[in-house]
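Take a look at the structure set out below.
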Amino acid sequence: MNLQNFKVVNKKHLSTSFILEFNHLLFTSFKSSRIDDYETIVYLKKDDCIIAFAGLYYIQNCLSINQLCVHPNHRNQGIATNLLNFICDTFKDTILILYIDKNKPMTSYLYKFYLKNGFEEIKEENHNLPYDKKKEFLLFKIVI
């Protein structure tokens, strides 16, 4: 997969129909959409359909990756890994963070997936990031 096929767009520049298309993909993987929270969206289209998505926004100088998903018909092809690689290549000199809910069916899979892709769990308490350690894992990756 060519990383140049991924697109980055500021959410302010999206049409209503494009937002509806993003939401359609999000609801294949999540119970809700938080698209209104994102500043930037990274996505991949194939055959005129959005097949991969990640919402991004800044929290205290860290770039948070949220609701990364791949359409069920396109999973297990390396698209999520390529999407993460694209984000790392695009947002250099950044601390990437993400949250994983501890009480979801996919928690173990997602935790291992992100560790395999260079993220580490934040275990110390000396940060100011909003996070409930009883309910979620907080992971980070420094991109240089």
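Quick notes on this structure:
- Qualifying residue in the stretch 26-45 (condition: of a type in the set (Gly, Ala, Ser), surrounded by 17 or more Cβ atoms within 10 Å (Cβ to Cβ), modelled with pLDDT under 90 and assigned to a loop (DSSP other than H, G, I, E, B)): yes
- Of all the listed residues (Leu110, Leu139), the sole one being in contact (Cβ under 8 Å) with a residue 24 or more places away in the chain and touching a strand residue (DSSP E or B) at 6+ places or on another chain (Cβ under 9 Å) is Leu139.
- Breaking point among (1) modelled with pLDDT of 90 or more; (2) farther than 17 Å from Asn5 by Cβ; (3) among the charged types (D, E, K, R), for Asp89: (2)
- Residue pairs whose Cβ atoms lie under 9 Å apart, sitting 6 or more positions apart in sequence or on different chains, and linking a residue in the stretch 56-68 that is at positive phi to a partner that is in a strand (DSSP E or B), are Asn61/Thr94; Asn61/Ile95; Gln67/Phe53; Gln67/Ala54; Gln67/Gly55.
- Matching residues in the stretch 82-116 - criterion: being part of a loop (DSSP other than H, G, I, E, B) and either basic (Lys, Arg) or surrounded by 15 or more Cβ atoms within 10 Å (Cβ to Cβ) (or both): Phe91, Lys92, Lys102, Lys104
- Sole exception among (1) in contact with a strand residue (DSSP E or B) (Cβ under 6 Å, 6 or more places away or on another chain); (2) in contact (Cβ under 8 Å) with a residue 40 or more places away in the chain; (3) β-branched (Val, Ile, Thr) for Ile100, by number: (2)
The values are calculated or read from the model by the stated rules, or taken from the named source; none is laboratory data. Quick caveat, the model's predicted, so the values are computed rather than measured. Please note: Cβ atoms are built from the backbone with ideal geometry, for glycine as well, and neighbour counts cover all protein chains shown.
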